[in-house]
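A.B. asks: Attaching a single structure in structure tokens format; questions to follow.
What follows draws every value from the coordinates through simple rules; no lab data is involved. All values derive from a computational prediction rather than experimental measurement. Positions of Cβ are generated from backbone atoms using ideal geometry, with glycine treated the same way; all protein chains shown enter the neighbour counts.
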Amino acid sequence: MKRIAVISDIHGNLEATKAVLADIKKRGISDIYCLGDLVTKGSHPNECIDLIKSHCQVVLRGNTDRFISNDHDESALNDLAKKRIEWNRSLLSQENLLYLKSLPFSYEFYMSGQLVRLFHASPLKDDLAISHLDPLSVKRKQFEASPFTLSQNTADIVLFGHTHYQIMEKLYCRTLINVGSVGNSLDLIRDPAIDGPSTEIIHAHYLILEGDMQSEDSAISFQFVSLPYNIDKELNDVENNLEPEEYRLELEKGIYRDMSRLAEKLKH
């Protein structure tokens, strides 16, 4: 049986990245696939990219990787977007900036007879937020091929990230999994009146996929991992962060810095 650790949404969080890589090693897993968003938010994108490059066999492009590494028409950017690009680029080596630009959009392979497809957010766009609140007509499209997928076959299993929370759904005899976020775990549905403890929400999250790379019909399993890490240490230099209070809120409470904007995106 083959075991693959699937990680996503690192977001420059060095302590979470180191903790996850150590946990994967302790479990004896040698294959690590990353679904992108290595940068923005955290203060250590350069160090995180170096770790990802040295440990991961597959690394895909996330929307923040594209946003930071691509050229932009500055007249189309607001002031905050300009500041985010400038700040992140100031922390990155030229080599790592070019590395982000070179990352592929998607990856796929067969495991236990099923086509497993990986991308950051959706088969069409790396910044399309798909959630469990979406209608079936939207979620169904996650399995479809696109001009950016390696094949034009319909996927049986889709692994993605982008929205920073873990969930698995079975629909249309297929499996849709958000692997969660290593460096910026959040919960999309919050209500202070009824929320449970946020301890687990702010852990580093990833997925372990296990199956047979040869057989056409054999066991396959999915294991969500929720791993505590040293958040206080990650926040030691938070004052050097571009948006320190927002970053602290997300790491310590698991609350997205702009819940109103997120609620609008998820409204149907």
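A.B. asks: Can you pull out every residue in the range 116-126 that is over 20 Å from Ile10 (Cβ atoms) and either touching a strand residue (DSSP E or B) at 6+ places or on another chain (Cβ under 6 Å) or of a type in the set (Asp, Glu) (or both)?
C.D. replies: Val116, Arg117
A.B. asks: Tell me, which residue of the range 21-37 that is charged (D, E, K, R) and assigned to a loop (DSSP other than H, G, I, E, B) is surrounded by the fewest Cβ atoms within 10 Å (Cβ to Cβ)?
C.D. replies: Among them, the one singled out is Arg27.
A.B. asks: I'd like the full set of residues that are surrounded by 19 or more Cβ atoms within 10 Å (Cβ to Cβ), in contact (Cβ under 8 Å) with a residue 60 or more places away in the chain and either of a type in the set (Lys, Arg) or part of a helix (DSSP H, G or I) (or both), limited to the range 50-66.
C.D. replies: Arg61
A.B. asks: With Lys101, Lys41, Lys83, Lys125 as the choices, which residue is surrounded by fewer than 23 Cβ atoms within 10 Å (Cβ to Cβ), among the basic types (Lys, Arg) and in a loop (DSSP other than H, G, I, E, B)?
C.D. replies: Details: Lys101 fails: in a loop (DSSP other than H, G, I, E, B); Lys41 fails: surrounded by fewer than 23 Cβ atoms within 10 Å (Cβ to Cβ); Lys83 fails: in a loop (DSSP other than H, G, I, E, B).
The unique qualifying residue is Lys125.
A.B. asks: Within the range 154-166, restricting attention to residues that are under 17 Å from the mean Cα position of the chain (by Cα) and either among the charged types (D, E, K, R) or part of a loop (DSSP other than H, G, I, E, B) (or both), which residue is surrounded by the fewest Cβ atoms within 10 Å (Cβ to Cβ)?
C.D. replies: Tyr165
A.B. asks: Would you check which residues across the range 67-80 are surrounded by fewer than 18 Cβ atoms within 10 Å (Cβ to Cβ) and not in a loop (DSSP other than H, G, I, E, B) and list them?
C.D. replies: The initial filter retains those residues of the range 67-80 that are surrounded by fewer than 18 Cβ atoms within 10 Å (Cβ to Cβ), namely 70-80.
Hits for the range 67-80 are Glu74, Ser75, Ala76, Asp79, Leu80.
Okay, residues lined up against (1) within 22 Å of the chain's Cα centre (by Cα); (2) under 19 Å from Met1 (Cα atoms); (3) loosely packed, with under 14 Cβ neighbours inside 10 Å:
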site: Asp195; (1), (2), (3): no, no, no
site: Asp212; (1), (2), (3): no, yes, no
site: Phe224; (1), (2), (3): yes, yes, no
site: Pro228; (1), (2), (3): yes, no, yes
site: Lys233; (1), (2), (3): yes, no, yes
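A.B. asks: Which number in (1) touching a helix residue (DSSP H, G or I) at 6+ places or on another chain (Cβ under 9 Å); (2) within 20 Å of Arg3 (Cα to Cα) marks the one condition that Glu74 misses?
C.D. replies: Single failed check for Glu74: (2).
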